[in-house]
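Q: Please find one structure pasted underneath; my questions will follow.
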Amino acid sequence: MILIMAWRNIWRNPTRSWVVIAAIALGIWAAIFMSGFATGMMNSYVDGAISNIVGHIQIHHPSFQEDKETKYIISELDLLTEEIKNYNNLKAMSLRSIGTGMIASSKGARGIEIQGVDPDSEATVRQLDTKIIDGDYLNVEKRNPILISQRIADKLNVKIRSRVVLTFQDLEGEIISAAFRVNGIFDTKNNQFDEGHAFVLRSDLNRLLGADPNDAHEVGILLSEKEEIKNIVPQWASKFPSTKVEPYYIISPDLQLYESQMSSITMIYLVVILLALIFGIINTMLMTILERLRELGMLMAIGMNKVRVFLMIVLETFMLSFVGVPLGLLLGTLTISYFGQKGLNLSAFSESMQMYGMSDMVYFDLPAATYWQVPLLVGITALMASIYPAIKAIRLKPVEAIRKL
Amino acid sequence: MIIQTKGITKIYNPNKIPVNALNGVDLQIEEGEFTAIVGPSGSGKTTLLNIIGGLDQATQGEVLIKGENISKMPDNQLIDFRKNNIGFVFQAYNLIPVLTAKENVGFVMLLQNRSKEERDQRVLELLQSVGLEDKVNKRPSELSGGQQQRVAVARALAPKPAFILADEPTANLDSVSTNNLLDIMARLNEEEKMTFIFSTHDQRVIDRARRVITLVDGKIASDQVKS
Ligand SMILES: Nc1ncnc2c1ncn2[C@@H]1O[C@H](COP(=O)(O)OP(=O)(O)O)[C@@H](O)[C@H]1O
Ligand SMILES: [Mg+2]
């Protein structure tokens with residue numbers, strides 16, 4: 001009955017209640033919109049980083065990443081690649097040999113990581129062939145071809161067909177130099193990556209390193225299902241204990257950080273918005289109590305105890321607050337799914353976006369956690385908003401309230 | 001004896017401008033009485049009923065209800081005591097606006113956690129006996145002033161309290177409704193043996209009472225029992 005009374009009490013002043021309900025619904029919608037936008041941006045960054053740079057999984061010699069020494073070649077590579085190829089969620093795989101050293105032209109020199117790749121398989125993992133802005137992708141017919149980024153080309157002042165010299169250590173630790181010819185210039189839009197990497201043929205690099213033509217320092221892998229990463233990584237790791245199998249979020253911890261932050265960002269937006277709304281709710285509840293002094297006095301006179309009066313006010317606050325929740329969630333979900341499909345064009349800001357490795361279009365997305373965070377936070381808000389009015393109500397003295405007849 | 005007051009004094013605003021609302025009221029009320037507290041406005045009728053009903057505390061003196069001293073009862077206990085022992089009818093704003101007549105009448109019984117069957121039966125019986133069986137599902141705003149007061153009487157009666165206190169129950173009613181309400185109260189007094197104590201300054205109402213206690217300046221000036 002208290003429940004029924006509380007519910008009907010909300011509708012005694014429908015206009016006032018609807019203002020509060022609309023404010024809460026709008027607040028939830030705004031929080032969802034902002035977090036959907038932020039999540040979309042982060043997804044775009046994370047997905048970009050995965051498809052352009054890291055891939056889903058990388059496999060190395062256990063010591064390779066620490067000092068990047070060329071001697072740390074992956075052992076049992078044939079068995080490993082056989083196993084990977086038989087995995088049914090495999091989308092693409094690329095073998096890379098890697099040397100660390102210098103790239104130099106007549107105009108300057110820079111430190112760089114040289115990746116020796118097989119052009120076809122590399123194109124399936126990192127779509128580098130689609131990022132060529134001048135010249136051509138790597139070509140096995142040519143002699144010592146190299147792909148460099150636009151940024152390095154600018155800094156070294158070189159063009160297509162220019163000669164550059166790579167200097168690095170071979171397997172024995174000897175310093176060697178070799179001339180390469182620029183075959184193509186790429187731009188992944190991720191400046192950090194572009195400034196640090198150049199691509200040659202794996203066969204060329206292995207020959208210069210003094211390694212077997214088939215040797216590799218790194219296996220880059222893309223899966224068809226991102227969610228399968230956590231299942232297959234430990235499987236391969238235990239099968240090939242002499243290698244290190246790592247998912248992208250271990251290799252680039254910043255990516256995982258971004259992903260984990262997304263669920264708390266809705267929280268932060270909501271907390272800010274609901275804090276602003278809390279005073280509106282308190283105010284509304286105080287008004288309804290002031291208007292009902294006589295009635296509350298009468299209720300206590302005829303035997304409704306303080307616990308029940310308190311409960312009734314708390315319930316009213318809760319109901320008032322929660323009517324807006326499904327409304328806000330619905331509006332928010334609709335908005336997110338619209339911008340999730342159509343995307344929001346941010347090309348006006350593309351300069352700064354690209355600096356962080358993001359693309360122009362943002363496809364909104366919502367962390368699943370939002371659907372329990374919203375009711376939870378609204379609940380906490382309602383609880384906080386109800387306490388003061390409820391205390392006011394039970395402090396009433398029935399005689400004084402009734403005297404006002 | 002269901003009500004006994006011993007030397008009740010009530011002083012409002014003792015620290016500012018004191019108002020002596022009651023000056024030593026000794027009163028005894030027996031079961032089954034149909035008693036009017038009368039007196040001019042400001043004579044202390046409301047104050048006396050509030051103190052008897054446990055809504056207000058006397059400055060001095062004691063109130064015993066069925067032998068139990070309620071003068072020093074803590075707030076929460078007093079609320080429960082009122083719920084179980086005293087029926088109230090006020091001058092206005094008796095009913096819960098968001099509940100129907102039926103829900104209003106059953107409200108105190110609900111607070112007492114009585115079963116739904118028991119409630120429904122009692123509520124319908126009472127609404128019938130106050131002549132509102134066709135208004136069961138109406139909200140107070142859909143009822144006339146007289147009908148609202150009849151629902152209030154039914155509500156007060158529903159939990160079978162020891163007595164019913166009615167502070168100027170007819171003050172806002174026309175003479176037809178006033179007579180009607182008093183007929184109902186008198187009949188319930190007969191049929192249910194319910195004790196009624198009501199205040200009034202309306203001569204027509206005074207004429208219906210079997211005992212008339214007159215207050216003047218917070219003192220009992222006369223106490224007459226009609227034969
Ligand atoms: N809350 C209060 N504060 C101060 N004085 C009061 C208060 N309530 C009643 N009084 C005074 O007490 C006296 C008795 O009032 P009341 O019991 O309401 O009389 P009645 O009901 O007979 O009109 C009046 O003089 C009134 O002004
Ligand atoms: Mg009065």
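Q: Can you name every residue in segment B:9-31 that is open to solvent by less than 20 Å² (accessible area, probe 1.4 Å) and farther than 20 Å from A:R403 by Cα?
A: Of everything in segment B:9-31, those that are open to solvent by less than 20 Å² (accessible area, probe 1.4 Å) and farther than 20 Å from A:R403 by Cα turn out to be B:V25, B:L27, B:I29.
Q: To continue, here is another question. What are the pairs, 6+ residues apart or on separate chains, where a residue within segment B:43-65 that is facing chain A (nearest Cβ under 9 Å) and open to solvent by 10 Å² or more (accessible area, probe 1.4 Å) has its Cβ under 6 Å from a residue that is in a helix (DSSP H, G or I) and among the hydrophobic types (A, V, I, L, M, F, W, C)?
A: Filtered contacts from segment B:43-65: B:N50/A:V399; B:L55/A:A301; B:L55/A:V399; B:D56/A:V399.
Q: Please determine whether any residue of segment B:70-84 is within 12 Å of ligand 1 (Cβ to nearest atom), open to solvent by 10 Å² or more (accessible area, probe 1.4 Å) and touching a residue at least 60 places away in the same chain (Cβ under 8 Å). Walk me through how you get there before you give the answer.
A: Keep residues of segment B:70-84 that are within 12 Å of ligand 1 (Cβ to nearest atom), which gives none.
No, segment B:70-84 has no match at all.
Q: Still on this model: Which residue is farthest from B:I37 (Cα to Cα), if the candidates are limited to segment B:171-195 and must be touching a residue at least 40 places away in the same chain (Cβ under 8 Å) and within 16 Å of ligand 2 (Cβ to nearest atom)?
A: In this case the residue turns out to be B:N172.
Q: May I ask you to say which residue of A:N305, A:N283, A:N231 is among the polar types (S, T, N, Q), assigned by TED's automatic domain parsing to the domain that holds A:Y371 and open to solvent by 40 Å² or more (accessible area, probe 1.4 Å)? I'd like the intermediate steps shown before the answer.
A: Working: A:N305 fails: open to solvent by 40 Å² or more (accessible area, probe 1.4 Å); A:N231 fails: assigned by TED's automatic domain parsing to the domain that holds A:Y371.
Only one candidate passes the filter, namely A:N283.
Q: Being of a type in the set (G, A, S) and on the phi > 0 side of the Ramachandran plot, is that true of even one residue in segment A:220-228? Working first, answer last.
A: Step one: list which residues in segment A:220-228 are of a type in the set (G, A, S), which gives A:220, A:224.
With on the phi > 0 side of the Ramachandran plot added as a condition, the list becomes none.
No: segment A:220-228 contains no residue that is of a type in the set (G, A, S) and on the phi > 0 side of the Ramachandran plot.
Q: Could you list, in sequence order, all residues of segment B:16-51 that are more than 12 Å from ligand 1 (Cβ to nearest atom) and not small (G, A, S)? Please lay out each step first, then the result.
A: Step one: of segment B:16-51, the residues more than 12 Å from ligand 1 (Cβ to nearest atom) are B:24, B:26-36.
B:D26, B:L27, B:Q28, B:I29, B:E30, B:E31, B:E33, B:F34, B:T35 - these are the residues of segment B:16-51 that are more than 12 Å from ligand 1 (Cβ to nearest atom) and not small (G, A, S).
Q: What about A:A178, is it surrounded by 20 or more Cβ atoms within 10 Å (Cβ to Cβ), in a strand (DSSP E or B) and small (G, A, S)? Reasoning before the result, please.
A: Working: surrounded by 20 or more Cβ atoms within 10 Å (Cβ to Cβ): no; in a strand (DSSP E or B): yes; small (G, A, S): yes.
No; evaluated as a whole, the condition is false for this residue.
Q: Inside segment B:10-101, counting only strands (runs of 3 or more DSSP E) that do not spill past its ends, which hold 3 or more residues that are at pLDDT 95 or above and away from ligand 2 (no atom under 16 Å from the Cβ)?
A: Numbers: elements: B:19-29, B:34-38, B:60-65, B:86-89.
So the answer is B:19-29, B:60-65.
Q: Could you please give the count of residues in segment A:1-31 that are away from chain B (no Cβ under 14 Å) and modelled with pLDDT of 90 or more? Can you show your working first?
A: Looking only at segment A:1-31, we keep the residues that are away from chain B (no Cβ under 14 Å), and these are A:15-16, A:18-31.
Now drop any that are not modelled with pLDDT of 90 or more, which leaves A:15-16, A:18-30.
Residues flagged as away from chain B (no Cβ under 14 Å) and modelled with pLDDT of 90 or more within segment A:1-31 amount to 15.
Q: Working only within segment A:332-342, note down all residues that are modelled with pLDDT of 90 or more and open to solvent by 80 Å² or more (accessible area, probe 1.4 Å).
A: Scanning segment A:332-342 gives A:L334, A:Y338.
Q: If you go through segment B:110-126 one residue at a time, how many are surrounded by 13 or more Cβ atoms within 10 Å (Cβ to Cβ) and either of a type in the set (S, T, N, Q) or more than 10 Å from chain A (Cβ to nearest Cβ) (or both)?
A: Initial filter on segment B:110-126 (surrounded by 13 or more Cβ atoms within 10 Å (Cβ to Cβ)): B:110-112, B:114, B:119-120, B:122-126.
Going one step further and asking which of them are either of a type in the set (S, T, N, Q) or more than 10 Å from chain A (Cβ to nearest Cβ) (or both), we end up with B:112, B:114, B:119-120, B:122-126.
Total meeting the criteria: 9.
Q: If the requirement is being among the polar types (S, T, N, Q), farther than 24 Å from A:Y45 by Cα and open to solvent by less than 20 Å² (accessible area, probe 1.4 Å), which of these qualifies: A:N206, A:N157? If you could, list the steps in order and put the result at the bottom.
A: On the way: A:N157 fails: open to solvent by less than 20 Å² (accessible area, probe 1.4 Å).
The match here is A:N206.
Q: Inside segment B:188-207, can you point out the residues that are within 25 Å of B:L127 (Cα to Cα), open to solvent by 50 Å² or more (accessible area, probe 1.4 Å) and within 16 Å of the chain's Cα centre (by Cα)?
A: Passing the criteria: B:E192, B:K193.
Q: Check whether at least one residue in segment B:127-149 is within 18 Å of B:M185 (Cα to Cα), touching an Asp or Glu at 6+ places or on another chain (Cβ under 7 Å) and more than 8 Å from chain A (Cβ to nearest Cβ), and report yes or no.
A: Yes, segment B:127-149 has at least one match.
Q: From A:I114, A:I152, which residue is of a type in the set (V, I, T) and in contact (Cβ under 8 Å) with a residue 60 or more places away in the chain? I'd like the intermediate steps shown before the answer.
A: Numbers: A:I152 fails: in contact (Cβ under 8 Å) with a residue 60 or more places away in the chain.
When all the criteria are applied, what remains is A:I114.
Q: Checking B:V151 against (1) more than 20 Å from B:A92 (Cα to Cα); (2) free of Cβ contacts under 8 Å to residues at least 60 places away in the same chain; (3) part of a helix (DSSP H, G or I), which test does it fail?
A: Every listed condition holds for B:V151 apart from (1).
Q: Somewhere in segment B:171-179, is a residue over 17 Å from the mean Cα position of the chain (by Cα) and open to solvent by less than 50 Å² (accessible area, probe 1.4 Å)?
A: yes
Q: How about segment B:86-95: which of its residues are facing another protein chain (nearest Cβ under 7 Å) and farther than 19 Å from B:M194 by Cα?
A: Of all residues in segment B:86-95, those facing another protein chain (nearest Cβ under 7 Å) come to B:88, B:90-94.
Listed by number, the residues that qualify are B:Q91, B:A92, B:Y93, B:N94.
Q: May I ask you to list the residues in segment A:296-333 that are under 26 Å from A:T15 (Cα atoms) and free of Cβ contacts under 8 Å to residues at least 60 places away in the same chain?
A: Selection gives A:L299, A:P326, A:L330.
Q: If I filter segment B:141-159 for residues that are of a type in the set (D, E, K, R), more than 21 Å from B:G54 (Cβ to Cβ), away from ligand 1 (no atom under 16 Å from the Cβ) and crowded, with 23+ Cβ neighbours inside 10 Å, do I get at least one hit? Lay out the reasoning, then the answer.
A: Pass one, segment B:141-159, residues of a type in the set (D, E, K, R): B:142, B:150, B:155.
Now restrict to residues that are more than 21 Å from B:G54 (Cβ to Cβ): B:142, B:150.
With the extra rule that they be away from ligand 1 (no atom under 16 Å from the Cβ), the set shrinks to B:142, B:150.
Adding the requirement that they be crowded, with 23+ Cβ neighbours inside 10 Å leaves B:150.
Looking for residues that are of a type in the set (D, E, K, R), more than 21 Å from B:G54 (Cβ to Cβ), away from ligand 1 (no atom under 16 Å from the Cβ) and crowded, with 23+ Cβ neighbours inside 10 Å, one finds at least one in segment B:141-159, hence yes.
Q: How many residues, within segment A:370-405, are within 16 Å of ligand 2 (Cβ to nearest atom) and assigned to a helix (DSSP H, G or I)?
A: Going residue by residue through segment A:370-405, those that are within 16 Å of ligand 2 (Cβ to nearest atom) are A:398-405.
Then keep just the ones that are assigned to a helix (DSSP H, G or I); that gives A:398-403.
The number of residues fulfilling the criteria is 6.
Q: Just for segment B:160-170: of the residues that are away from ligand 2 (no atom under 16 Å from the Cβ) and in a loop (DSSP other than H, G, I, E, B), which one is surrounded by the most Cβ atoms within 10 Å (Cβ to Cβ)?
A: Kept after step one, since they are away from ligand 2 (no atom under 16 Å from the Cβ), are these residues of segment B:160-170: B:160-164.
From what is left, the residues that are in a loop (DSSP other than H, G, I, E, B) are B:160-162.
On the way: B:K160: 12, B:P161: 21, B:A162: 15.
This residue is B:P161.
Q: On to the next question. Among the residues of segment B:80-97, which ones are of a type outside the set (K, R), under 15 Å from A:R308 (Cβ atoms) and touching a helix residue (DSSP H, G or I) at 6+ places or on another chain (Cβ under 6 Å)?
A: B:I96
Q: On to the next question. If I filter segment A:238-247 for residues that are surrounded by 14 or more Cβ atoms within 10 Å (Cβ to Cβ) and within 20 Å of the chain's Cα centre (by Cα), do I get at least one hit?
A: Start the filter on segment A:238-247 by keeping residues that are surrounded by 14 or more Cβ atoms within 10 Å (Cβ to Cβ), which leaves A:240, A:243-247.
Checking the rest, the ones that are also within 20 Å of the chain's Cα centre (by Cα) come to A:246-247.
Among the residues of segment A:238-247, at least one is surrounded by 14 or more Cβ atoms within 10 Å (Cβ to Cβ) and within 20 Å of the chain's Cα centre (by Cα), which makes the answer yes.
The values are calculated or read from the model by the stated rules, or taken from the named source; none is laboratory data. In this text the structure is predicted, and so the values were computed from the model without any measurement. In this analysis, Cβ positions are derived from the backbone assuming ideal geometry, glycine residues included, and neighbour counts consider all displayed protein chains. Accessible surface areas use protein heavy atoms only, side chains included; no ligands, DNA or RNA. Shrake-Rupley method; radii C 1.70, N 1.55, O 1.52, S 1.80 Å.
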